[in-house]
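These notes are about the structure you will find just below.
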Amino acid sequence: MAVHGVKWTTVSAIFRVGLQTLRIAILSRLLTPVDFGLMAMISILLGLIDAFMDLGTGNAIIQRRDTTSHQLASLYWLNLTFATAVSTFIIASTPLFSTFYAEPQLRMLLPWCAPLFLINAIGFVFRNVMQRDLNFALLARIQMIAVTIGSAVAVIFAFRGHGVFSLILAQLATAATTATLYVAFGRHSWHPTWHFDLRDLRGYINFGLYQMGERFVNYISANIDYLVIGRALGPHALGSYTLAYQLVVLPLTTINPILTSVAFPLFAKVQSDNAALRRGYLAIAKFLAFTTLPVLIGAGLTAPVLVPLVFGPKWGEAIRLVQILAFLGVLKSFANPSGSVLLAKGRVDIDFKWECFSATLNAITFAAVVHYGVAAVAISHVILVGLYFLPFVWIVCRLIDLPLRQYLLVFVRPATFVTVMASAVLLSNNILTVLIGNHIVLLLSLCLIGSTIFVLQISYFERQYIKDLWRLLAN
């Protein structure tokens, strides 16, 4: 089952990265930085509320192995009721949110997003039951279908000149598709009955409260840069920052969520076996190091060619931001699996307390530097996440009796390989820029040189790892 999950993790990740990159490339030519900035403003509120959507009980369903059908039914109706209240709240809070950003357009846009929460709540229990039962192949297929439909809706409506509405309609289409498919396939293993009893919620609510608190603070910590930039610098600056950020966190928002959706249920099954948790944690860390590190560093190195070529000349401001935020993407990607270990060990309180600390420091820092420009916020963000990384990982390693040195050794070879790759790409860029005038040929040449050098190194020095990984996927 674990092998099956890893296989579908890889297939789904490759598909979603490719499709989302294509989607961003197309939409960046059809929409303006202001459109992206307005959607980023909306997404801040939607994401914040989404942190509360399942009342923190979703992971409790996965972590607990003895959940009854009556408990699932009570959780289902509780979340559906809560989602209805949230949708109503969004409509009511529209004037306040519009006033905060001094953007009148938000009054018209935000009510369209209200149904998202009710739609998502319909499929929430079905999705978590699938994760608990390790049904990764079905989950991956549903995610691929949903992102395809959402991307198609975004591009079609953008072509028709609907601007930021194309991004909102894409979210609605993605949510409707996932909810429909979760219900259609999930009802064979469980379906809700007309049952609700508060006694069924005991234990789940306690677990969920910490989860909601951790998600809320985590989301604030992760998005305070959007909030500060949008408030202080407006939608245009936020639009450029959003495009650059979306590009560099593609591995984090595609590969990592699928990996952790596999890791958490598996870790939960062996939560008392620290040796198994150590093996799984190190395996995920190594996989991420060999996949996200070369991609993100490569994106940063080629940004002066990549950004204008793929996204168009109007996104020149995003070049420097991509170069800076590439390091942020690396650090966040490496730290992300630690959350699965904390959840599996039932220590969501640690994550909550840590995020409270980092959110406070982030808010103070970003507010202090935002008037120096959007690049200053990006640089400070990278520095802060870099400072958080080692202490947080050390705490997680202590929980599973893993020496920090052993964890860090996982990154030595990938970092070395990427350093060699980066040196070759920089040298080649200095030479080829003079010889090649066509930007497409130049970008392809740099990508070919970088990927060839990295693959040659990993093939020679990590031959056994490649064989093991290939055998794992082939099975």
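The values are calculated or read from the model by the stated rules, or taken from the named source; none is laboratory data. Being a predicted model, the structure only gives us computed values, none of them experimental. All Cβ positions, glycine included, derive from the backbone under ideal geometry; neighbour counts span all protein chains shown. The accessibility values were calculated without ligands, DNA or RNA, using every heavy atom of the protein model including side chains. Shrake-Rupley method; radii C 1.70, N 1.55, O 1.52, S 1.80 Å.
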Fill in the blank from the handout: When every residue in region 312-323 that is at pLDDT 90 or above and open to solvent by 30 Å² or more (accessible area, probe 1.4 Å) is compared, the one farthest from Leu233 (Cα to Cα) is Gln323
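Out of Ser28, Ser87, Ser98, Ser93, report the one residue that is modelled with pLDDT of 80 or more, under 30 Å from Ser240 (Cα atoms), polar (S, T, N, Q) and surrounded by fewer than 16 Cβ atoms within 10 Å (Cβ to Cβ). Give the derivation first.
Numbers: Ser28 fails: surrounded by fewer than 16 Cβ atoms within 10 Å (Cβ to Cβ); Ser87 fails: surrounded by fewer than 16 Cβ atoms within 10 Å (Cβ to Cβ); Ser98 fails: surrounded by fewer than 16 Cβ atoms within 10 Å (Cβ to Cβ).
Just one listed residue meets the conditions, Ser93.
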Handout entry: Conditions (1) touching a helix residue (DSSP H, G or I) at 6+ places or on another chain (Cβ under 9 Å); (2) in a helix (DSSP H, G or I); (3) at pLDDT below 85; number of the one not met by Ile224
Key = (3)
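Residues checked against (1) among the hydrophobic types (A, V, I, L, M, F, W, C); (2) at pLDDT 95 or above; (3) open to solvent by 50 Å² or more (accessible area, probe 1.4 Å):
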site: Leu134; (1), (2), (3): yes, no, no
site: Ala137; (1), (2), (3): yes, no, no
site: Met144; (1), (2), (3): yes, no, no
site: Val147; (1), (2), (3): yes, no, no
site: Gly163; (1), (2), (3): no, no, no
site: Gln171; (1), (2), (3): no, no, yes
site: Ala175; (1), (2), (3): yes, no, no
Fill in the blank from the handout: How many residues of region 71-84 are under 17 Å from Gly186 (Cβ atoms) and either open to solvent by 10 Å² or more (accessible area, probe 1.4 Å) or among the acidic types (Asp, Glu) (or both)? The answer is 4
Handout entry: Every residue from region 146-181 that is of a type in the set (Val, Ile, Thr) and within 18 Å of the chain's Cα centre (by Cα)
Key = Val147, Thr148, Thr174, Thr178
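Surrounded by fewer than 23 Cβ atoms within 10 Å (Cβ to Cβ), touching a His at 6+ places or on another chain (Cβ under 7 Å) and touching a residue at least 12 places away in the same chain (Cβ under 8 Å): does that describe Leu309?
Considered against the rule, which asks whether it is surrounded by fewer than 23 Cβ atoms within 10 Å (Cβ to Cβ), touching a His at 6+ places or on another chain (Cβ under 7 Å) and touching a residue at least 12 places away in the same chain (Cβ under 8 Å), Leu309 comes out as yes.
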Problem - Which numbered condition Leu444 misses (of (1) surrounded by 12 or more Cβ atoms within 10 Å (Cβ to Cβ); (2) touching a helix residue (DSSP H, G or I) at 6+ places or on another chain (Cβ under 9 Å); (3) modelled with pLDDT under 95) - result: (2)
Exercise for the section: Say whether the condition of being buried (at least 18 other Cβ atoms within 10 Å of the Cβ) and charged (D, E, K, R) is met by at least one residue in region 105-112. Expected result: no
Problem - Positions within region 359-391 being among the hydroxyl-bearing types (Ser, Thr, Tyr) and more than 21 Å from the chain's Cα centre (by Cα), in sequence order - result: Thr360, Thr365, Tyr372
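Within region 327-339, take every residue that is open to solvent by less than 30 Å² (accessible area, probe 1.4 Å) and within 18 Å of Val217 (Cβ to Cβ) and give me the one that is modelled with the lowest pLDDT.
Residue satisfying both the conditions and the ranking: Gly339.
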Practice task
Answer yes if at least one residue in region 45-52 is open to solvent by 20 Å² or more (accessible area, probe 1.4 Å), modelled with pLDDT of 85 or more and under 30 Å from Leu106 (Cα atoms), and no otherwise.
Solution key: no
Exercise for the section: Identify all residues within region 177-202 that are open to solvent by less than 20 Å² (accessible area, probe 1.4 Å) and at pLDDT below 75; write none if there are none. Expected result: Leu201
Handout entry: Residue count for region 149-161, restricted to those that are of a type in the set (A, V, I, L, M) and open to solvent by less than 20 Å² (accessible area, probe 1.4 Å)
Key = 2
